[in-house]
Amino acid sequence: MEAERRIDPEDGKARTFDELVQHYKSVYTFPQVQQYWDNRCRPDIPTDPFLTSLQQPGPEFKLRPDREPPTEPASQVNLGPVKLSEDPFLAASFNQAKHPPALHQVNQPEVGTYKDSQHWSETISTCLGAGDVHRQPRARTTLIMVPIFLFVWELLVWSLVSHISRNGCWLITITLFVVSAAAIGMWFQGIRWGPVSLAALGVLCMLAIAGGTALGQRGWDQLWRQFFWLNTGNQLVPTFAGTAAAARSDAATLTFGSAAGSLDHSSVDASRSVGFKDTNLFCVAPVLSPSTAGADFPRVNFWAVGIDCCTKSGVFDCDASRDYDAMQAVVQLGGGYPCPSCNVETFQKAIAKAEATYGLVSAPDALLIRWVTNTNKVKFQAAGWAIGYLLLCSLMGSGFLFILGWMSWYYGLGKRAPPNPGPSYGTQDLQTGKEKRQQ
C-alpha cells in the first residue's frame, strides 16, 4: 500500500511522513515533526480527492443567521415564472433564487483593481528567495539590536574613556570579545538559545566589537584627543616669542604680545615662511618679536602651521596670522596638524627648509601652534568635528550591522546543527514513528 502523502504548507510540496522527517531532521526533533505532520500538513489531493477533511467545520463553526437553510417545504418555495418545457429541472429558478442579480454593478470595481502592484515586502522576498521558513521576530530583534548596541558601546568607550585609562578600554573590549567567542563555542557544543542562532549572534558581536574598537581608536587619535587637551590643558598662558618652549609644554592655549601685559609685539613673521610640497603644501612660519628677529640666527620657539595656506616661500595666510588683533594661539598636541601626531615628519621637513632658507634656529622642543583670534571658537569647532564623527560612525556602523543581522535572521544562518552535533533523534525514533503510524 502506498504511503500517505501530505502537503507541507511551508513549500507546498507533497511528502510522506518519512520524507518529512528527513527534510527537517537537522532542524526539529522527531516529536516536533510528528506534531507538525498531524496538525499542519494537509492530505494530498490524490489521497483525498474530494477534500473532505477541509470541508469539516470547526467545533465553533455556526451558520450565519442570514444563511440559515429554509425551513418551509419545497412545495411552498416561490420560484417565479417557470416554463417546464424549457427548464424541466427548474435549474434556472434555483440559481436565480440563490444568486439574485446584483444592483449597481456599474459602480462596483472589478476584482483586482486595488492590487495593481506588489507590496514592497513581497518584492524583497521575491528577490532574496524564501529564506528560513521558521524565522521569528524575536530572533530578528536580537540579531540586530545586540550587535548594534555593542558597536556603539565600543565606539563610545574608546572615544570618551581613553583619556582616563586605555588599559580599562582594553579590558572591556577583551571581555566582550571573549563572551562573543564563547557563544560560538556553545553553538558547536550543540547548545541552543530558543530561535536565536548563537553562532550568528557571536560572529555579529565580534564584528561589532572589532569595528567599534577600530573606529573609536581612530576617533580618539584624530579628534577626541585634541578636544580633551584643549579643555584640560593650561589656558591662555601669557607668552612671548622669546619664551622657552619647554616652559609652555603643558599649555593648551597661549596669549602673546601686549595681551600678556607687555609691548613685546610678538607675531607671525610671514616674510620668513615656507611651504613644503608633499601632495599638499605644508606651511610653517616663525613667531618672532622685534627683539628676537634682529639676531644673526633668530631662535624660534613657536611655529605657526597650516596646510595649503601659503606659497613656497614668503607668503603665509593660515588662520588669523594676517589679523593684527589676533594674539592667541592653540598648541597642537604631539607636534602634528590637523590632528595630534599627524604629519609630524612632514612639518619637521618644512621647519628644516625654513631654517636653511632664512638662517633660523628651531628650538629642540619648539611648539607647533595655530595663530587664532579666539581660542573658544577653535574649541567649539573641535567639539563639532568630534561629535559629528561619533554620529556618522554610529549611523554607518549601525546600518551595516542592521543589514548583516537581518540577512542572518532571514536565511537562518547558524540554525542548522554543526558537524557531528550529536543525534537529536536517531533511527530508533524513526522506526518507532513508523510503527505507530502503521498501527
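Assorted remarks:
- Exposure of His163 as accessible area (Å², to 10), given a probe of 1.4 Å and all protein chains: 80
- Heavy-atom accessible area order for Asp132, Asp278, largest first, 1.4 Å probe: Asp278, Asp132
- The H on the amide N of Lys13, modeled in the peptide plane, is under 5 Å from the matching H of Asp8, each at least 5 residues off or on a different chain.
- Reported to the nearest whole Å, the Cα centre-to-centre distance from the range 313-333 to the range 337-362 is 16.
- For the range 147-222, the spread of Cα positions along each principal axis, largest first, Å: 43, 19, 14
- In the range 255-344 the Cα-Cα distances spread across 10 Å bins starting at 0 as 17, 47, 32, 4, 0 percent of all pairs.
- Close amide H pairs (under 5 Å, H built 1.01 Å from N) link Asp44 with Arg5, Arg6, Ile7, residues at least 5 positions away or on another chain.
- Shape summary of the range 215-302, radius of gyration then Dmax from alpha carbon positions: 15.9, 49 Å.
- Note on exposure: Cys318, Cys309, Cys127 ranked by accessible area (1.4 Å probe, complete protein assembly) read Cys127, Cys309, Cys318, with the most exposed listed first.
- Estimated at the nearest 10 Å², the accessible area of Lys415 is 60 Å² with a 1.4 Å probe.
- Heavy atoms of Ser267: accessible area, 1.4 Å probe, square angstrom to 10: 50
The values are calculated or read from the model by the stated rules, or taken from the named source; none is laboratory data. Keep in mind that this is a model prediction, so the values were computed, not measured. Calculation scope for accessible area: heavy atoms of the full protein, side chains included, ligands and nucleic acids excluded. Shrake-Rupley method; radii C 1.70, N 1.55, O 1.52, S 1.80 Å.
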